[in-house]
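Peer 1: Quick one: this structure, given as structure tokens, is what I'll be asking you about.
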Amino acid sequence: MQEKSSTSSQDPASLQDAAVPPAPSARDTASGSAGGITPDPAPEVTVMPSLEDLLKAAELKAAEHHDAWLRAKAEGENIRRRAQEDIGKAGKFAVERFSGELLAVKDSLEAALASDNQSAEHLKEGVELTLRQLVAAFEKSGLAEISPLGQKFDPNFHQAIGQIEAPDDSTEANTVLSVLQKGYALHGRVIRPALVMVSKAKAAPAA
């Protein structure tokens, strides 16, 4: 009973001092809000572009694409025009090189005709020289001669205009026995088949 009365008899001022927290210091007050508590940072706010801004951006992008398309179209037209010009020039001047080779042949023929009192031997030599020049011009231009004497008849390169008897039994049928006119092929493509006579098929022996 005596101990209980001693507790209740304590000074009220001392009880009040024990219940009140200490005041914040000047440093705590300066560094934050009242009571020294630092508030959370404000969240970032994302600003969405307006419909007007989106429309302007789309219009600019469309204009860029349109300009690029116009440039590509113009370049395509230029390429097509240049290709057509090249094709036209190629067709027009396709025989330019061959024509230059033939000029030497023409010069030789004119020189032979202009010469007076030529002997037959000199005339023959001039013709042979001219022929060699012409053959060389043909070879440079890819023009090959087709002279199939003794070969098997080939309708892709030869044109038979008749048949004749074979000179011996060893000659097979459809063998070219005579070339009436030589053929020519340009880079492997026949431009004139050779006119030929071929051997007849052998007659079957009588029973």
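Peer 1: Which condition number does Arg132 fail, the rest of (1) over 27 Å from the mean Cα position of the chain (by Cα); (2) more than 30 Å from Glu145 (Cβ to Cβ); (3) modelled with pLDDT of 90 or more being met?
Peer 2: Tallying (1) over 27 Å from the mean Cα position of the chain (by Cα); (2) more than 30 Å from Glu145 (Cβ to Cβ); (3) modelled with pLDDT of 90 or more, Arg132 fails exactly one: (2).
Peer 1: Can you tell me which residue is surrounded by the fewest Cβ atoms within 10 Å (Cβ to Cβ) among those in segment 167-204 that are of a type in the set (Lys, Arg) and more than 15 Å from Ser147 (Cβ to Cβ)?
Peer 2: Among those residues, the one meeting the criterion is Arg189.
Peer 1: Regarding Gln163, is this residue at pLDDT 90 or above, surrounded by 11 or more Cβ atoms within 10 Å (Cβ to Cβ) and in contact with a Pro (Cβ under 7 Å, 6 or more places away or on another chain)?
Peer 2: Answer is no for this residue.
Peer 1: Continuing with this model, one more query. Suppose we filter segment 180-197 for residues that are part of a strand (DSSP E or B), over 31 Å from the mean Cα position of the chain (by Cα) and charged (D, E, K, R); how many remain?
Peer 2: The total comes to 1.
Peer 1: So Val176 clears everything in (1) out of contact with any Lys or Arg (no Cβ under 9 Å at 6 or more places or on another chain); (2) assigned to a strand (DSSP E or B) except one condition, right? Which one?
Peer 2: For Val176, the exception is condition (1).
Peer 1: For the structure I just gave you, tell me whether Ala74 is outside any helix (DSSP H, G or I) and under 32 Å from the mean Cα position of the chain (by Cα).
Peer 2: no
Results for (1) free of Cβ contacts under 8 Å to residues at least 24 places away in the same chain; (2) closer than 30 Å to Leu177 by Cβ; (3) part of a helix (DSSP H, G or I), shown as yes or no for each residue.
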residue	(1), (2), (3)
Arg97	no, no, yes
Glu101	no, no, yes
Val105	no, no, yes
Ser108	no, no, yes
Leu113	yes, no, yes
Glu128	yes, yes, yes
Val135	yes, yes, yes
Gly150	no, yes, no
Asp154	yes, yes, no
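The values are calculated or read from the model by the stated rules, or taken from the named source; none is laboratory data. Everything numeric here is computed off the predicted structure, so don't read it as measured data. Counting neighbours? That spans all protein chains shown, and the Cβs are built from the backbone with ideal geometry, glycine included.
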